[in-house]
Structures are given as C-alpha cells and as structure tokens.
1. Counting only residues that are open to solvent by 30 Å² or more (accessible area, probe 1.4 Å) and polar (S, T, N, Q), which one in segment 431-470 is nearest to PRO251 (Cα to Cα)?
2. Residues to consider are GLY212, GLY234; find the one that is touching a helix residue (DSSP H, G or I) at 6+ places or on another chain (Cβ under 7 Å) and either surrounded by fewer than 20 Cβ atoms within 10 Å (Cβ to Cβ) or among the small types (Gly, Ala, Ser) (or both).
3. Need the failing condition index for TYR332 against (1) at pLDDT below 90; (2) more than 24 Å from TRP455 (Cβ to Cβ); (3) not in a helix (DSSP H, G or I), just the number.
4. Can you tell me which residues in segment 602-642 are touching a residue at least 24 places away in the same chain (Cβ under 8 Å), farther than 27 Å from ASP514 by Cα and not β-branched (Val, Ile, Thr)?
5. What number of residues within segment 195-223 are among the aliphatic types (A, V, I, L, M), over 20 Å from GLU155 (Cα atoms) and in a helix (DSSP H, G or I)?
6. Would you say GLU71 is acidic (Asp, Glu), within 16 Å of the chain's Cα centre (by Cα) and either under 27 Å from ARG629 (Cβ atoms) or open to solvent by less than 10 Å² (accessible area, probe 1.4 Å) (or both)?
7. Which pairs turn up if I take residues in segment 483-495 that are within 23 Å of SER248 (Cα to Cα) and look for partners that are of a type in the set (Phe, Trp, Tyr) and open to solvent by 10 Å² or more (accessible area, probe 1.4 Å) with beta carbon separation below 7 Å, at least 6 apart in sequence or on another chain?
8. Scan segment 340-377 residue by residue and report those that are farther than 20 Å from VAL314 by Cα and in a helix (DSSP H, G or I).
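The values are calculated or read from the model by the stated rules, or taken from the named source; none is laboratory data. What you see is a predicted model, and the numbers here were worked out from it, not measured in a lab. A quick note on method: Cβ atoms are made from the backbone with ideal geometry, for glycine too, and the neighbour counts reach across all protein chains shown. Note: accessible area is taken over every heavy atom of the protein model, side chains too, but ligands, DNA and RNA are not part of it. Shrake-Rupley method; radii C 1.70, N 1.55, O 1.52, S 1.80 Å.
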Amino acid sequence: MAMISMQDLEDLAEEKSKLFAKFLETQPPLENGEDLLRLWEEIYDEDMQKVVVKTECGPSDDATNLVFPYEKLQAVIKDGGNWKWPRMWQKFDELERRGPAYREGERLNFKMPNKNPNILPMRVLIVGGGPVGMRLAIELSLGGHDVTVFEKRRERKNEAGELETLGFTNRINRPHMWPFVRNDLAKLNGKDFMSRQACYPVFTEPDTSSIGIDELQCLLLKNALLLGVSFRLGVGYDNAKIRTDPTSMRPTWEVECTYDEHAAEKFGMQKGKNKQVFDCLIGCDGPRSTVRDTQSKHFGNIEKRKFQDCVGIVANVRKCTRKRLKELGFEYGQEPGDMNRTKMVFKDFFKQINQKADADIENLIYYKASHHNYTILVPKRQDLIKHGLSGKVYHFAAGREQAANDARGEEKAKLKVYVRRVLQAAGIPVDDQAENGGFVDAPNDVMAFDFAECWNTKKSIVFNLPPPEYDVSTDGPWMGRALVPLLGLCGDALLEPFWPMGLGLKRGWQAIMDTCYAIDNLYNRTLFCERLAKDPNTFSWEDHYEALKEQVASNFEMCNRLKVSEELGKGEYSEKGVVMTQLTKILKDAEKPALEVEIDPWTRYESLAKERGDEWKTLSKDDKWLHPRVKKAIAMKEYYDEVSKGGKHGEIQYEGKKLISINGKVVPGFGKAGTLGSAGTTTPASKSSKPAAKAPFGFMNPADLAKQAKEQQMKLAAAVMSKNGDEERSSADKLERPPSSASVASPSGLAAAAAASAASLASRGATSMAAAMPPRPAQVSSTMSNGSSQAAREAELAHVRNMIACLTQSLEAYKKAEQELLQAGS
C-alpha cells in the first residue's frame, strides 16, 4: 500500500488550514453562502473525502463506519495554529449523536446512552436552504440519516456587478431570537463562526436579541457542510410522484428536479430535468411552497388568513459614524437602544410620530445589527395612500423582486421619503445625505408587502407505510389504504407567522424537532408500548403507525399554539427544578447547564413536560437516581477537568481521531502497539484495552460476520422446518428484511444486500431490525392471501439457501481483503 510522506502531509495540512481559515471567516455582508460553497469545494476535495481515521470500532469507511467531514478534516489539519480551533472541534464532538450515528465507547458521548438506538437511516430530501431547512438537515444528519438539500436560488450579476437574480443568502432581515434558539446556535459554534460584531445582538442583548437571516444561514451552512449534509445549490424541486416496490410495497418519492449547469457538473447529473429517489420529502421552501402546492392533496385545505389590513414595510438603514450621530443630534454619538413597540402600549410614542411625520403607525421594530440597522413599520394601507403611495403591496418574495427591479422607480422613491420621515420622528438615526438616502443598497433597502396575509396547513406530516416485512409473494396484493412515503412541511411552508410578533424561529425550531421525531421513529415499533401500557410482543406495526400519527398531529397542534414548556420558553433550567436541585447538591458552585432544545416532545411542550416532570419527581425520591442532564453535566465536568490547559482563553488539550490514510496513502508511523497497522488492521494493545465497540450503520468485521451468518443459518433452518407456516414466515422475516435507508429504496432483503457486497450488508443495520420485528400481527394477516403452505415453505427454503450462499461470498470477500491488507503491511 502506498505511503504519504511527512512533508506531503504537512504541505497538505498547511494548504487546507489556510482554506479552512478563510471558510470560517467568510460571512456577511462582505461574503455570502455561495462564497462558502466555493471554498468548501476546495477544502473537501477528493483527497479529503477519502480520508480514513481511526475510530473505536476500526478504520472509518463511508459505507460501513461513517464519520463526519469535520472529523476527517480535523485529523489532517489539527489546530491549524489557532487556539480557538480545538474548542471548535470539541463543540462538534459534543453535538449529541443518536441512532446509527452514535458510536459506543466514544468519550464524546459523556457516558450517555444512545437516546434512540432504533433509528433506521432514511434518505431525506429537504427542499429549501433557509434557516429552518438547514437546521433540520443538521439534526437529521446527527441521527445518521442521508440528507440532501435542494436550493435553486443562485445569485447572478450582470457585467457591471449589479444583481440580476437574488441568491439564497441575500436577505438581511432580522428575526427575533428566542432564548432556546440562542442556546442552540451557541451549541453550533455560533460564537466562533460569527464575527464579534455579528455575535453582539445575538448573544449579548437578551431582551431584543435578533440575528440577520443571512448571518444565520451562513452559520448553519458551515455546520451542515462539516456534518455531511449534501447541499445542492442550483437544484430546483419541480414535483414528486409516489413509486412502490412491487415486492415489499414500500413507497418512495421519485422527485422531478432541475439542475443548472454548475450543479449538473458538480454532482454528475445532466443539465435540466432529472429524477432522484428519496424515502422522505420535506418542504422548507417558504410560504409559497412548491412542495405544498404539488402535494396539496395530502395536506388538506390550505388556509389563507387575514389578521388586519396592515402593510409591512421593511427598511434597512446604513450605520452612521459617531461623529455623524452627534451632528444628527444624538447625544455622545450613540445609537438608541433596540425597540419593539405597539401602538396599544406606547400611545405617547406613536402620538409623537403622528404629530411629527403625519403618519398612522401600528407597530415599530428597530434592531441594531453589525453593519446596518433593521426596522419594520406597520402602517394602515389608507395612510400610505394619503401620502401619495399606491398602497399596492406584494407578498415578501415578490416584494424583494420588485425592490430589485424597481430600484429607481417613483414608487420606491416615495416610500423612502415616507419611511425616513417616520424613523426620524421615532428618534432612529437616518442620514439622508448618505448614499441611497441613508438606506442600504437595493434590493434590501426599502420594500412593502402584506403583513396580514398568512398561510396555514391542516397537517404537518403524512405517511402510510406497509409493515416492514410485507412481501407480495407470500402476503398477497396490498389491500390497505393508499401508500404514502413520509411527506412533511416545516417553517413558513407549514405556518406563516405574523411578522411583527417575531414567531418565525420560535415555531420553526419546534417544527424542526417534530419532523426529526417522526422520521427517527418511523420504524421504532415499540416506542409507545410503555406509555400506552401495551405488550411489545403483540403491538403491531399498524398499532405503531397509528400511535405515531396521533402523536405527530398532537405535536403540530402544540407547535401551532406555541405551548412550549416554561423552562424551554425561558431558555434555562429552574433553580428549584430537579436538574439544578441535584446538580447543586453534588457539585459545589455548579454552573447552570445550557437548556438545549431536544427532539423528544416530552422535553419541549408544556403538557408533555409536566407529565415527564411528574415522573422525574417520583424517581428523584430515590437518592441513587440522577436526572440524565445532571449525569451528563457531571461527566462533562470530569472531562474538562482532565483536558483543560488552564490558559486565559480556556484552552483545552483536544484529541481528535487519528489519521490513517489519505486517498489510499497511509500515514507513516502506524503499526506500533495499540495503533492501527500501516495496512489499516488492528494490532493488539495492552491486556486492559477495552473490546471494540459496535460501529454505527451495522459495521461488522469478518469474524462477527461469520458468527452472525452461522446464527442466521441455524435460525432460518429452524424456521423452515417449523410446522406452523405463520411462525415460520415471522422468524424468517425477522432476519430477512430490515428496513434501512438502502432497503427502503430497494427492499429485496438481506440476501440481496449480501449478494451486492458485504459492506452493503453491514450498512443496512441487520442486527437492529431483528429486535424490532414482532410476530406476524393478526391485522396484517387478515389482508394477505392464504396461499399454499407447501409452496411458501419451498419458496422460503430457496430464499434461505440463496442468502446463505451470498453471506458465504461476502465472508470470502472480507477474508481476501484482510489477506491483501496484511500482505501490503508486511
């Protein structure tokens, strides 16, 4: 096997470190999301994609033992000569993995168990690269799902450098920042990935905290790329049709999409129309959602609501220097504090505006940002007409396009005069002598649109699936309801908020977690057994799907009504709650841990959190019981006490995953005791070394594969000889058809997977599915044709023998690969 020299390794690390430093520094307003994507293409090239690192369960492998891109990158560039980078890598390590992304034995787990070991990875398409779409992609990736984001809005400029088409990160509006969202962004390296100026209004202003949409998107995009999300800029969703597998009846989405020239070249597709297959389809494409429009029959009637006859005017104002602020009459050259005021509460304030500007305003919002100031005015439509404006408005997307195309129009000029007069009357600095009359460049300078028009759907998520073990050849034609792969809406596509209330991110983040909850638990059959007091052995797939649908509908209702728990709403644990009571009792001067939003709805919604809280109060009577968050806080303190270097910046001695090879070239030095050999095989360490942990995605070494194959042969032989046809069918199904991401797309069973390759078999999570399979439920049996018992046994026996042959082939392939690696390393 080829080796990479230390000099070449150092040169590569230096090159990638420089690029990565630029990547981290890239942010609005000087750069945008497209600049980030161009840099990422240079950073995560073929060499970096084919990096192999050492994990707790052997060398990484993209098919069988997946690691995230950041782990490969860190193994090459280390700290890059920057004291902040170890802290950044550590924060990535602290992001909670679940399902197949969780790896037993890793220190980053902080002694916590896998919160959902029954996740089966899905291929998920998210349409829309806004904040909600990208945050959803991140969370799904942390659950081991294969996530793709389609974002069609590519920025285009003419030869003069003027915008012709707006890009996906051209918006500079500033949504309100809620405490739990702020905690979530801090967890995602917000304080390191954003500039000091951009961080200030997000993490320092607790009452009027806000963040620019463009800043938020770039922060999330950095995380998404480093966590393995396939972000496809220049790809538009057109439509999707349901396709069902003729054998298993498992449905998938055949998505019709359009690739522009650059996207087609980058992702190896043809320019123009293409079709791709996914297991789940989620629309995060805004209030005028194409996903919702093309799949409207699944969501029921879409409501269009009118709150009041209000026009929304968004104006982004240029910053003034301190000298200019003094000249404009602002004492000490300081800007006023943030404002979020309504006419009902601040009557004198709005009376003053009316007197000075002759304007009838209902609401006024003013947020300071790093490079501009953001304002929202809500006048009555009649007031605009009174001032010579047409009163014609647009929904937000059209309003932005109008702002871009009519920058010098008469209507825009009148609107600027009106807005400037109102802001000056409100005591907000606007320098009319500055460029563009004191406003930022078009299209984000001033625009008007209908604030009162909001869209609302009846359902958030729909699905109807067959039991995972369903087989037409033995169960007969499907006689149930029409099959639908999981389909959902999230963010403004689901619930368009009334902007002045600032509810977009608050609802959006709950919808993100609700969507993950549904996808994670599609095949977690025993999820509701304990809560419903049902026997796991008799709780059927139909029972599970109905319970999951009911919970999804309940979650949506609570999300819609914003029935979040009191602690989550405040973004911190109560001093008198279980967490802080236990923590202060165990640790002297214990710091309050950050309250982070979680997928489990029983941690987020008021009524469910009360249920869980009552359970915890009962458990806390046992002195030995500790709240999970307390356990984690203690484990994290122990870890940081161990790795702290004691510097003034809180430096730590970070240890990432060891580098084994880069694009097939092995790093010098491997082969010593306790490390991986130069060929990638494990050599014995000390007698006290821990046994290898089980890898995610069902990874098995050759010995484990052989053992499992033998066990399967014995179990299947027993099943074939069984006199009871139903019992025989159930036992075989437990071993044959695990519904993983691959099998959902092409559900031919474990035998076909083994025939394809041993790696493919491993990636399908065979062991995890067996535990999930119940005996054949009566509800399903009633829909199946009886058939001939003898014919079924013969067909099953042929299938079993085929599977045994395929497993044997796979084992031989593993043995051959092992010998080649051993010979290469000798």
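1. ASN436
2. Details: GLY212 fails: touching a helix residue (DSSP H, G or I) at 6+ places or on another chain (Cβ under 7 Å).
Exactly one residue qualifies, and that residue is GLY234.
3. (3)
4. SER620, ALA635, MET636, LYS637, TYR639
5. Of the residues in segment 195-223, the ones among the aliphatic types (A, V, I, L, M) are 198, 202, 211, 213, 216, 219-221.
Subsequent filtering for residues that are over 20 Å from GLU155 (Cα atoms) retains 198, 202, 211.
With in a helix (DSSP H, G or I) added as a condition, the list becomes 198, 202.
Number of matching residues: 2.
6. Numbers: acidic (Asp, Glu): yes; within 16 Å of the chain's Cα centre (by Cα): no; either under 27 Å from ARG629 (Cβ atoms) or open to solvent by less than 10 Å² (accessible area, probe 1.4 Å) (or both): yes.
No; evaluated as a whole, the condition is false for this residue.
7. Every condition considered, the pairs that remain are VAL484/PHE463; PRO485/PHE463; LEU486/PHE463; LEU487/PHE463.
8. Of all residues in segment 340-377, those farther than 20 Å from VAL314 by Cα come to 344-348, 351-352, 355-356.
Within segment 340-377, LYS347, ASP348, LYS351, GLN352, GLN355, LYS356 qualify.
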